[in-house]
Amino acid sequence: MTSPAAGGHLSAEVVARARALIGLYPHPRSALIPICHLAQEQDGWLCPEAIEEIAGLLGLEPAEVLGTASFYEMLHTEPVGTYVISLCTNIACMLRGAYDLLEHVETSLGVRPGATTADGMFTLEDAECIADCGRAPCLQVNHRFVGDVTPASFDRLVDDLRAGRLADEIPPHGTLVRVRRAGGLRVDDATIRAERAAAAARAGAGAEGS
Ligand code: FES
């Protein structure tokens with residue numbers, strides 16, 4: 001079994017926050033996915049060193065962490081660019097020109113799906129249905145939806161991202177949770193304690209009612 005000590009790649013802040021997250025759950029391994037998001041927020045992806053340390057924090061084997069992380073598309077176990085562009089080519093998008101759009105995107109960025117541009121700015125993914133079929137063809141940039149995409153609007157999007165004009169809307173890859181939930185995984189200790197107390201109270205009420 002992996003040593004429970006963290007090993008130095010993850011920042012002290014991330015480790016402290018991870019330990020606080022572990023305290024929210026009855027079993028440490030339940031904090032695995034939020035901690036993966038937390039580590040991904042540091043590096044933009046989950047490197048082997050981070051996986052090793054997460055395993056140490058949770059008392060798991062690195063292979064268990066990797067097995068979970070590699071299952072979820074929102075977690076990356078390979079380096080990615082600042083912006084991950086996931087272009088849907090599933091049925092609704094395909095019928096609305098997704099493959100022509102993909103061809104344009106490949107030419108425009110100079111990469112094929114699965115690759116990252118030489119400047120490290122963009123990783124291109126060929127995605128399955130991203131559940132925004134009504135606005136086909138569509139894509140996600142760092143999991144933010146962009147619908148009714150045309151070649152011209154795609155190029156404008158890339159220009160805006162390169163120029164930092166969308167910095168407030170689309171932060172670098174890995175900051176999903178922080179943006180989606182103000183404070184995200186970096187919530188303060190008082191909030192964590194309040195959440196823990198509320199969860200305990202709910203559990204107590206459930207036990208009394210059963
Ligand atoms: S088919 Fe593209 S979002 Fe559903």
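The values are calculated or read from the model by the stated rules, or taken from the named source; none is laboratory data. Being a predicted model, the structure only gives us computed values, none of them experimental. Heads up, the Cβs are rebuilt from the backbone with ideal geometry, glycines too, and the neighbour counts pull from every protein chain shown. For the accessible areas, the whole protein counts, side chains as well, though only heavy atoms, and no ligand, DNA or RNA atoms are used. Shrake-Rupley method; radii C 1.70, N 1.55, O 1.52, S 1.80 Å.
Miscellaneous remarks
- For the peptides 54-60, 42-48, 110-116, the ranking by packing is 54-60, 42-48, 110-116, with the highest mean count of neighbouring Cβ atoms within 10 Å listed first.
- Compared with the alpha-carbon gap, the fully stretched path from residue 152 to residue 169 is longer by 4.1 nm at 0.36 nm per residue.
- Carbon plus sulfur fraction of accessible area for segment 7-159, probe 1.4 Å, in percent: 55 percent
- When segment 55-137 is reduced to its Cα atoms, the Kirkwood hydrodynamic radius in Å: 14.3 Å
- Accessible area (Å², per residue) of segment 5-138, counting only protein heavy atoms and a probe of 1.4 Å: 47 Å²
- For residue 60, neighbours were defined as the other residues whose beta-carbon sits under 14 Å from its Cβ, and their charges (Lys and Arg +1, Asp and Glu -1) total -3.
- Charge tally in the Cβ shell below 10 Å around residue 114, where Lys, Arg are +1 and Asp, Glu are -1, residue 114 excluded: -2
- Once the gyration tensor of the Cα atoms in segment 1-115 is diagonalised, the equivalent ellipsoid follows with semi-axes of 35, 14, 11 Å, ordered largest first.
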